[in-house]
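Here's the structure we're looking at; comments come further down.
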Amino acid sequence: MRLASLSAVALATSKTVVTSSCNIATNQQLDQLLGNIKLQWPSLLRSELSILDLVDDPKMPIKAGERFKLYVRTLPGSSETPEVIRNRLQSVNPVGDLDRVEVLELPSDGKIHDPTKHGAVYLPYPYVVPGGRFQEMYAWDSFFIAIGLLRDSQIRLARNMIDNYIYQIEHYGTILNGNRSYYLTRSQLPFLTPLIKLILPHIPTDHKQQWLQRAIRATEKYHTYWTTGSHYVPQTGLSRFFDYGPPGSSPPEIIHETDPRDGSTVYQRVKRFFRENYHQGVPDYDISEYYDYDKDELKPKFMDNDRAMRESGFDTSRRFGPFNSKILDFNPVCLNSLIALMEYDLSELYLLLPGSNNQIKRNQKLSRAWHLKGKDRHELIDKYNWDENLGLYFDYDYVKKERRIYKFATTFLPLWAGIASKDQALKVSREAINSLEIPGGISSSDQIQGDQWDKPYVWAPLQLFAVDGLRKYGFDEIADRLATKFGSMVLKTFIKTGDLWEKYEGIKRDETVDLKFGYPTNEKGFGWTNAIFTRFYDELKKSGKLNGLLQLDEEGDGCGNEKIMYPSEEEEWIKVEFEKSLKK
């Protein structure tokens with residue numbers, strides 16, 4: 001029986017207290033959720049000790065009689081060859097398991113061009129997967145997962161995540177979207193330096209200098225990935241998302257993805273939308289550039305943008321037009337804020353390196369250079385992504401030379417990265433809250449479009465950007481309110497289902513989804529939800545506001561969960577008195 005199911009059985013025996021028409025969770029139920037999260041980390045662990053679990057891919061099942069593939073990249077002078085790795089795997093796995101696995105050297109160009117030869121990509125350290133059908137180490141998921149692992153004292157496992165990051169850069173040229181062969185052509189939003197800074201205090205003193213030097217070298221290589229080649233946009237000096245797969249090709253991992261409601265594939269639903277809207281058109285772009293009406297075929301331009309969208313992690317929304325099909329035309333505020341943070345962080349990290357006087361002077365010079373890079377990018381973000389009149393950050397369309405006015409929760413990324421001014425943060429705290437706050441926290445966007453990264457769906461990473469970003473600029477009351485809304489929704493849904501979920505329906509405050517496009521399902525697990533819930537729990541406990549977390553009903557029902565922008569003294573008094581009443 002799954003751990004989540006065991007928790008559900010335990011919860012079924014708990015008595016929910018009902019007070020003044022409000023569903024109030026018990027502390028026992030909250031403790032059960034926290035215990036479930038702590039127990040889930042081992043169930044989400046993948047390692048060499050269970051090779052068949054590691055190589056199995058629910059998204060791309062192999063045919064009967066086929067063998068799984070595990071790809072290795074041997075660096076010059078390294079002894080870690082496929083044969084050596086295979087022998088090691090054979091020694092730690094049950095007899096016969098390796099008969100079902102081929103351990104192969106990657107081609108010289110580091111890519112697998114034939115999707116029928118897909119497989120897992122080797123990583124040396126055990127890692128935690130998100131859950132559900134996502135059974136590999138993902139780039140941006142891993143940052144949030146590591147936050148949760150550190151919180152639950154899984155220090156060695158959290159360090160594994162960053163060491164696997166570094167290994168990927170050294171061996172595969174970037175932090176991979178995920179460690180599968182079909183992800184070798186792209187990365188995801190970069191969170192390398194924030195994770196370095198989180199892990200550094202846990203590195204043994206005798207090894208800290210060597211480890212940090214290696215981490216800095218990897219970061220500089222990763223920075224090059226994001227700021228050169230097809231990622232770089234010379235018109236603005238900013239970066240964009242881009243996938244280096246064969247031009248015009250589709251991402252292989254969605255081939256088997258079907259909607260359980262009608263059996264339609266991802267691309268069948270896209271073509272249906274284009275066909276139905278072909279003559280009337282859509283405001284964002286000319287459909288004929290992406291879809292051949294006469295042949296009922298998606299064009300290469302659609303496929304290239306579709307793959308780039310998957311590097312963003314926001315698949316799908318209408319942030320860059322229907323199906324994000326104009327994403328290659330944009331300098332996204334999220335990506336460039338994180339690159340600026342990487343540059344500022346590198347400036348700080350160089351100053352932490354010890355050495356001789358000459359080495360220290362050299363490191364100080366490099367620190368200044370990286371600080372200037374961050375400052376330059378920061379200024380470009382203010383120029384292209386910041387809208388003074390609307391008080392929000394937007395993505396910049398460098399082809400049309402205009403910001404796309406599409407309100408999206410990534411407007412909080414400059415706050416989270418610490419590159420917003422106090423005035424910008426104040427405006428975002430007002431405008432974004434007015435547009436994006438819903439009963440379950442911060443909605444992905446303010447548009448209901450039938451996509452999972454639009455309204456009304458609420459995702460843990462976006463809650464972290466909003467809550468921590470607002471807190472960084474002193475907006476603690478708003479941050480606490482958002483953390484409470486999200487946390488109480490997670491708790492409510494856990495009591496109902498016994499699981500934590502990839503995303504939530506933020507208006508109904510549950511796990512249900514009704515998606516027209518992209519992935520049609522919700523996944524159980526779930527790594528980043530586990531981590532962010534515990535993060536918010538700790539913050540609310542520290543500020544003495546856990547009672548709000550126990551209120552399970554939707555907003556507007558008199559349960560103290562109403563939306564309050566900037567409370568007056570009278571409103572604040574009412575709120576305090578109500579919270580006191582709950583403690584009696």
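The values are calculated or read from the model by the stated rules, or taken from the named source; none is laboratory data. In this text, all values refer to a predicted model and were calculated from it rather than measured experimentally. Virtual Cβ from ideal backbone geometry, glycine too; neighbours counted across all protein chains shown.
Select from region 101-133 the residues that are of a type outside the set (A, V, I, L, M, F, W, C), over 20 Å from HIS256 (Cβ atoms), outside any strand (DSSP E or B) and in contact (Cβ under 8 Å) with a residue 24 or more places away in the chain and list them in ascending order.
Across region 101-133, the qualifying residues are GLY110, LYS111, TYR122, PRO124, TYR125, PRO126.
Among the residues of region 211-238, what is the count of those that are closer than 17 Å to GLN188 by Cβ and not in a helix (DSSP H, G or I)?
Number satisfying all stated conditions: 0.
Can you find a residue that is in contact with a Lys or Arg (Cβ under 9 Å, 6 or more places away or on another chain), of a type in the set (Asp, Glu), closer than 23 Å to GLY237 by Cα and assigned to a loop (DSSP other than H, G, I, E, B) anywhere in region 386-396?
For region 386-396, residues in contact with a Lys or Arg (Cβ under 9 Å, 6 or more places away or on another chain), of a type in the set (Asp, Glu), closer than 23 Å to GLY237 by Cα and assigned to a loop (DSSP other than H, G, I, E, B): present.
With THR258, THR219, THR236 as the choices, which residue is modelled with pLDDT under 95 and not assigned by TED's automatic domain parsing to the domain that holds ILE166?
Of THR258, THR219, THR236, the one residue that is modelled with pLDDT under 95 and not assigned by TED's automatic domain parsing to the domain that holds ILE166 is THR258.
Please state which one of ASN277, ASN305 is crowded, with 22+ Cβ neighbours inside 10 Å and either β-branched (Val, Ile, Thr) or outside the structural domain of ARG186 (by TED's automatic domain parsing) (or both).
Testing whether each residue is crowded, with 22+ Cβ neighbours inside 10 Å and either β-branched (Val, Ile, Thr) or outside the structural domain of ARG186 (by TED's automatic domain parsing) (or both) leaves just ASN305.
Within the group SER91, SER79, which residue is assigned to a loop (DSSP other than H, G, I, E, B) and loosely packed, with under 13 Cβ neighbours inside 10 Å?
The conditions single out SER79.
Would you pick out the residues in region 446-461 that are in contact with a helix residue (DSSP H, G or I) (Cβ under 7 Å, 6 or more places away or on another chain) and crowded, with 24+ Cβ neighbours inside 10 Å?
Residues satisfying the conditions are VAL458, ALA460.
Tell me which residues, restricted to region 296-312, are over 14 Å from PRO322 (Cα atoms), more than 22 Å from the chain's Cα centre (by Cα) and either of a type in the set (Val, Ile, Thr) or part of a helix (DSSP H, G or I) (or both).
Selection gives PRO300 alone.
Could you tell me whether any residue of region 253-275 is over 24 Å from the mean Cα position of the chain (by Cα), farther than 30 Å from PRO61 by Cα and either touching a residue at least 12 places away in the same chain (Cβ under 8 Å) or not in a helix (DSSP H, G or I) (or both)?
Within region 253-275 (the criterion being over 24 Å from the mean Cα position of the chain (by Cα), farther than 30 Å from PRO61 by Cα and either touching a residue at least 12 places away in the same chain (Cβ under 8 Å) or not in a helix (DSSP H, G or I) (or both)), the answer is yes, since at least one residue qualifies.
Is one or more of the residues making up region 207-218 in contact (Cβ under 8 Å) with a residue 40 or more places away in the chain, within 15 Å of GLU170 (Cβ to Cβ) and among the β-branched types (Val, Ile, Thr)?
Within region 207-218, one or more residues are in contact (Cβ under 8 Å) with a residue 40 or more places away in the chain, within 15 Å of GLU170 (Cβ to Cβ) and among the β-branched types (Val, Ile, Thr).
Could you look through region 454-492, keep only residues that are of a type outside the set (A, V, I, L, M) and touching a Lys or Arg at 6+ places or on another chain (Cβ under 7 Å), and pick out the one that is nearest to ARG319 (Cα to Cα)?
The selected residue is ASP454.
Would you be able to tell me the number of residues in region 416-445 that are in contact (Cβ under 8 Å) with a residue 12 or more places away in the chain and assigned to a loop (DSSP other than H, G, I, E, B)?
Final tally of qualifying residues: 8.
Determine which member of the set LEU149, LEU189, LEU195 is under 16 Å from TRP528 (Cβ atoms), not small (Gly, Ala, Ser) and not in a helix (DSSP H, G or I).
LEU189
I need the full set of residues from region 199-210 which are in a helix (DSSP H, G or I), surrounded by fewer than 19 Cβ atoms within 10 Å (Cβ to Cβ) and touching a helix residue (DSSP H, G or I) at 6+ places or on another chain (Cβ under 8 Å), in order please.
LEU200, HIS202, LYS208
Any residue in region 395-415 that is under 26 Å from the mean Cα position of the chain (by Cα) and without any contact (Cβ under 8 Å) to a residue 24 or more places away in the chain?
yes
Is it fair to say SER347 is in contact with a His (Cβ under 6 Å, 6 or more places away or on another chain) and not hydrophobic (A, V, I, L, M, F, W, C)?
Spelling it out, SER347 is indeed in contact with a His (Cβ under 6 Å, 6 or more places away or on another chain) and not hydrophobic (A, V, I, L, M, F, W, C).
Name the one entry in LYS541, LYS508, LYS503, LYS516 that is modelled with pLDDT of 95 or more and over 30 Å from LEU150 (Cα atoms).
Checking each option against the conditions leaves just LYS508.
State yes or no: is LEU366 over 25 Å from the mean Cα position of the chain (by Cα) and part of a helix (DSSP H, G or I)?
The answer is yes for LEU366.
In region 84-101, which residue that is more than 33 Å from the chain's Cα centre (by Cα) and among the hydrophobic types (A, V, I, L, M, F, W, C) is farthest from TYR71 (Cα to Cα)?
Within region 84-101, the match that is farthest from TYR71 (Cα to Cα) is VAL95.
What number of residues within region 29-76 are of a type outside the set (Asp, Glu), closer than 30 Å to LYS496 by Cα and in a helix (DSSP H, G or I)?
14
Limited to region 495-506, what total is found for residues that are touching a residue at least 60 places away in the same chain (Cβ under 8 Å) and either part of a loop (DSSP other than H, G, I, E, B) or under 21 Å from the mean Cα position of the chain (by Cα) (or both)?
Adding up the residues that qualify gives 7.
Spot the failing condition for PHE242; the list is (1) under 25 Å from ASP382 (Cβ atoms); (2) part of a helix (DSSP H, G or I), and only one is missed.
Among (1) under 25 Å from ASP382 (Cβ atoms); (2) part of a helix (DSSP H, G or I), the lone unmet condition for PHE242 is (2).
Taking ARG368 as the residue in question, decide whether it is under 15 Å from TYR406 (Cβ atoms), out of contact with any Gly (no Cβ under 6 Å at 6 or more places or on another chain) and among the basic types (Lys, Arg).
Considered against the rule, which asks whether it is under 15 Å from TYR406 (Cβ atoms), out of contact with any Gly (no Cβ under 6 Å at 6 or more places or on another chain) and among the basic types (Lys, Arg), ARG368 comes out as no.
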